[in-house]
Amino acid sequence: MNINWHLLSLSEVSEKLETSPSGIDEKTAEERLVQYGKNQIEDKKKKTLLQMLVRQFRDFMIIILVIAAIISGIMGDLTDTIVIVAIVIINAVIGVVQEYRAEKAMEALKNMVSNVVQVLREGHRIDIPAFDIVPGDVVILEVGNSIPADVRFFETHQLKVDESTLTGESYNVEKNADSLPKQEYSLGDLTNMGFKGTFVTNGRALAYVVATAMNTELGGIAKMIQTEATLTPLQKRLASFGKRLSMVILFICLVIFLIGWLRGESPYSMLIVSISLSVAAIPEALPALVTIALAFGAKRLVKRNALIRKLPAVETLGSVTYICSDKTGTLTLNKMTVEGIYETFDKKYDTIFLEGDILLHLMALNNDVSKDKTGEWLGESTEVALVQYASQKKMERAELELKFPRVAELPFDSKRKCMTTLHQIQNPSSDQPNEIIVIVKGAVEVIFNKLTDNQKSLIPELELRVNEMAEKGYRILGYAMTTLPNLPDKLVSNEIESTLTLIGFVGMIDPPREEAKQAVSQCVEAGIIPVMITGDHKLTAKAIAEKLGIITSEKNLVLTGIELAKLSPTKFSEIVENVRVYARVNPEQKLLIINALQSKNHFVAMTGDGVNDAPALKNADIGIAMGINGTAVSKEAAAMILLDDNFATIVVAVKHGRRIFDNILKFIKYTMTSNSGEIWAIFLAPFFGLPIPLLAIHILWINLVTDGLPGLALASEPAEANIMQRPPRNPKLNIFAGGMAIHILWVGLLMGVVTLGIQAWAIHSEIVHWQTMAFTVLCFSQMGHVMAIRSTRESVFKIGFFSNKPMLISLLLTVSLQLIIIYTPFFNEVFRTQPLSYLELVITLAASSIIFWAVEIEKWVFRRNTKNEKLKVEKKQ
Ligand code: ATP
C-alpha cells in the first residue's frame, strides 16, 4: 500500500485507515495484527534452528565423511561409524550455536525502539508493547518517546522530533498536523509525518499509525542493508582448497589401498585403513573451526569495546593498511571549551541588544541546547560549549528566549556547515518592533561567503585572525546576523543566509584523546597509515593531526573537500597515499577516498556516524560505526561498532585481529602437518618393506584427540611479541605461502620417517610392541610439534612453556589419554595396544622429541636469516 499520507487531509487519512481520533477497537486491532504481523524489524535471512542445522551438512568434505561412516558401518565396524557421526554432529552443533549467537547479536542492535507505547483504543488510553501496534492505531506521543511506527500526526503541541537515527542530521524537526501541498518531498521535509525509530524531543502529539514493521521507512532501510551472509575470505579459500585436497587425499588413499592389497595385506583391512586415513587427513573441520576461532575472537573484542557485526571483519582486521577516522569524538574527546572570542564591534545592531554584548546574545540564542531536570546541559558538545560560555557571562538562554523567541530555523547540516535561527523581537519599545532577527552560525569560511559586500573587504584581515586561532587547533565558528521586516513564508537558505553582517567568531578547543596519540604511533609501527577526515577547518585539522602524530613531515598532505572535488580520479589516486588529513569534506567524499586507496591495493578501515556515511561504511573493507554517537543506519552498514567511539579501540581490534588470524594459521599448520605425518607413515611403509604401522582405529584416535585438543588450544595462544611491529598481511596472499606448505610437507615427512624408523628398529629388535610404539611416536611427535609452533618465530624457551594454560592442560590431557590407552587392559583390547616397558617408553619419547627440536632449529635458522637481511638493509642505508 503506497499512499502519500502526508498529502491527504485528516479525514481522508482516518477514512483510509478505517479509524477515528479515538482509535480502533480491540477486535479490529487483533484482526489487523494477524493481517500486518508484529511491528518488528525482521531480518529476512533469519533461519530456523533446523535450517541452520541442515546447512551445516552441505560441506563437500562433510559429505565424504558421512559416506565413509556409512561404508564403514556397512562393513560392520560400528566404532568408526559412531566416531565419524559424532564428529559431524559436534561440528554441526557448534556451527548452529555460532550462527544463532550471531543472529542474537544482530537482533540486539535493532532493539532501538521503545517497548511500551500509549495508544487510544475506543477512546481509552492503554499501554501496549510497541510490537502490537497496528495501522489505524492512535498513538500518544510525549517528550522522550520513541516513535514506534510510521505515523501521521493529527494533533500537535510544539512538537519537535529528532530524526537523526534516520536522516543523520542532529537537529530537531518541527512537526504539525497540516496536510502538505502536492509536490516531491524528501523524508526530512515531511513535517506532518513521524517515523519509526525517531524521538520526540519537545511537545506532544496524537497520531495515526500508517505503517508498521518492514513497511516503515526504517524497515525499508533495514531491507536495503540486509545482505546475504557470506563466507569469510579465508573460509572460501579453505573450502575450495579443501575440495582439491580431498581429491588428492582420496587418490593417495586409493594408491595405499592398491599397494597394500598387492603386497598381500587383507583387502578388507586395507579398505578400512584407507577410508579412515582419508577421513583423518581431509581437514573437514577447518572451515567450521575458523568460524569458531572468529566468533571466539569477536566475543573477546566486545570486552575491548569493539562490537563485530560481520564475522569476516575479525579475520580481515589484520590486513588493514589504512585507518580513515573522523576527528570529532573519535580522535578528539568531543569536549569543547571556548578558548577565545573575536568581535567585530559593528554598531549596526546595538539598538536591538540593549543588554550589552551582541556576540554573547547570538551565542545564547542560536543553538538547540536544553537543560535537563538536574540542570545538566543537553545537546551537541559544540553548542553546549557556546551556551555555557554565554551563561558564564550572565547571558542566559532561557531569559533571552522570552525577549527574542525563536520563530523559525534552518537547522545545521554538515554539507551547508552552518545553521540559522530566526527570532522575533518582543520588545515594543525598540526602534524596529516585531522585526525578525536572523542569526547564522557556522564554519567561518561559509559565513565569510555570506557577508555584505561592504564587509567582504575586511575578509583578508579577518582571515589572519582566524588562521591564528586555527593554527592552535581551535574549532572556529563564525556568527553573523541580519534583520527582516517580517517572517518569510518560505525559508530558503540561499536567500535568508545572505547579506549578513559579521558579529564575530569564537575559538573552541576540543583536546585530542591521549590514548589516540599512542594508538597512532602503534599504527605507524604496524605499517598502518592513520588518516583524519573532518568537516573542520584545514588549519584546525592540521594542528590536531600534528598533535596526534598523524602528520609528521612536509610530505604528509592536507587536502580540503573543495580541492578533492577538483581532482580527477587518476590524479587523486596519484597523491592519495600522501594525504594524511582531509578537511572540510562532506560524508559523500569518503567514498572517493576509499576508491582511490583501494585502487592502490590498500585495505581500508573507515569510520562514520551519520546516515550519509552508510555508503562509505559499506564500501570500505571494514566499515566502523560509532556506538555512542552513531546513527542506526551507520551501525547497520558497518562491519564493526566502536562502543566507546574511540580511535584507540580500532587499533586494539587490529591487534586482536592479527592475533586471531595468526592462531588460525597455526591451527591449520598443526592439523595439516599431523595429517601429512600420518599419510607419509602409511604411504611409505610398503616402500621400506614394512607392514602398515597403524590400525584404522589408531588413525581416528589421532585425528580426534591428538589433533583436536591441542589444536583448539592454539586459539588461546597470546599475541606474538612483534605482532604490531610487522606489516599488515596481504589479504590476497595465499595462506600456504611463506613457508607453510613446505613446513607441512617436510615436518610431516620427518614424522613419518621417525615413526617408520622406530617401527623398523622395533621389528628388527624383535620387540612385539612395535605397533604400539609407532602409534605412540606419531601421537607424541605431534605434542612436540604443537609446542614448537606456538610461536612462528620465537623459541619456546623464550616465550615460556607455561604461557598458554589451555595448551598445557590439553597436552597433559592428551598424554594421559595416550598412556591410559597403552596401560589399561580394557583399552588394550579396544585399541589393540600393549603396555610398553619402561625402556620402550623412554625410547618412544626420545624419538618423538625429534620433531620438537627440528622445528625449533627451523625457527632458529629463520631468525638468523631475517637478522642478517635486516643488517644488510641497514648497511645499505
Ligand atoms: P568530524 O570531525 O567528525 O567530521 P565535524 O564536527 O568537524 O566532525 P561536521 O559536524 O560536519 O563535522 O561539521 C562541519 C563544520 O560545521 C564544523 O567544523 C563547524 O565549523 C560547523 N558546525 C558544526 N556544528 C555546528 C553547529 N551546531 N552550528 C553551526 N555550525 C556548526
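The values are calculated or read from the model by the stated rules, or taken from the named source; none is laboratory data. Just so you know, these numbers come straight off a predicted model, no measurement behind them. Backbone-built Cβ (ideal geometry, glycine too); neighbour counts: all protein chains shown. When the accessible area is computed, the model is the full protein with side chains, heavy atoms only, and any ligands, DNA or RNA have been set aside. Shrake-Rupley method; radii C 1.70, N 1.55, O 1.52, S 1.80 Å.
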Among the residues of the stretch 327-341, are any within 16 Å of the ligand (Cβ to nearest atom), more than 20 Å from residue 619 (Cβ to Cβ) and acidic (Asp, Glu)?
yes
Hey, residue 501 hits all of (1) away from the ligand (no atom under 16 Å from the Cβ); (2) farther than 18 Å from residue 365 by Cβ but one; which does it fall short on?
(2)
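A quick yes/no check of all residues on (1) in contact (Cβ under 8 Å) with a residue 40 or more places away in the chain; (2) of a type in the set (S, T, N, Q); (3) farther than 13 Å from residue 662 by Cα:
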site: 715; (1), (2), (3): yes, no, no
site: 723; (1), (2), (3): yes, no, no
site: 737; (1), (2), (3): no, no, yes
site: 744; (1), (2), (3): yes, no, yes
site: 750; (1), (2), (3): yes, no, yes
site: 755; (1), (2), (3): yes, yes, yes
site: 759; (1), (2), (3): yes, yes, yes
site: 766; (1), (2), (3): no, no, yes
site: 769; (1), (2), (3): yes, no, yes
Being surrounded by fewer than 15 Cβ atoms within 10 Å (Cβ to Cβ) and over 44 Å from the mean Cα position of the chain (by Cα) is the filter here; which residues of the stretch 460-482 pass it?
460, 461
Does residue 179 meet the test of being modelled with pLDDT of 90 or more and open to solvent by 20 Å² or more (accessible area, probe 1.4 Å)?
yes
Leading residue by the ranking (modelled with the highest pLDDT) among those in the stretch 185-230 that are open to solvent by 10 Å² or more (accessible area, probe 1.4 Å) and among the basic types (Lys, Arg):
204
Residue count, the stretch 339-353 (criterion: in contact (Cβ under 8 Å) with a residue 12 or more places away in the chain and more than 20 Å from residue 474 (Cβ to Cβ))
5
Of those in the stretch 613-644 that are at pLDDT 85 or above and open to solvent by 30 Å² or more (accessible area, probe 1.4 Å), the residue nearest to the ligand (Cβ to nearest atom) is 644
Positions within the stretch 568-591 being open to solvent by less than 30 Å² (accessible area, probe 1.4 Å) and within 15 Å of the ligand (Cβ to nearest atom), in sequence order
581, 582, 583, 585, 587, 589, 590
The stretch 182-219, residues that are basic (Lys, Arg) and under 34 Å from the mean Cα position of the chain (by Cα):
196
Filter result (under 16 Å from residue 204 (Cβ atoms) and at pLDDT 85 or above) within the stretch 128-155
138, 139, 140, 141, 147, 148, 151, 152, 153, 154, 155
Selection count where residues are in contact (Cβ under 8 Å) with a residue 40 or more places away in the chain, within 14 Å of the ligand (Cβ to nearest atom) and assigned to a helix (DSSP H, G or I), scope the stretch 507-566
9
Would a scan of the stretch 825-837 turn up a residue that is under 25 Å from residue 668 (Cα atoms), touching a residue at least 12 places away in the same chain (Cβ under 8 Å) and surrounded by 11 or more Cβ atoms within 10 Å (Cβ to Cβ)?
no
I'd like the full set of residues that are in a loop (DSSP other than H, G, I, E, B), β-branched (Val, Ile, Thr) and out of contact with any Lys or Arg (no Cβ under 9 Å at 6 or more places or on another chain), limited to the stretch 322-354.
344, 351, 352
Taking the criterion of being free of Cβ contacts under 8 Å to residues at least 24 places away in the same chain and away from the ligand (no atom under 12 Å from the Cβ), would at least one residue in the stretch 602-612 satisfy it?
no
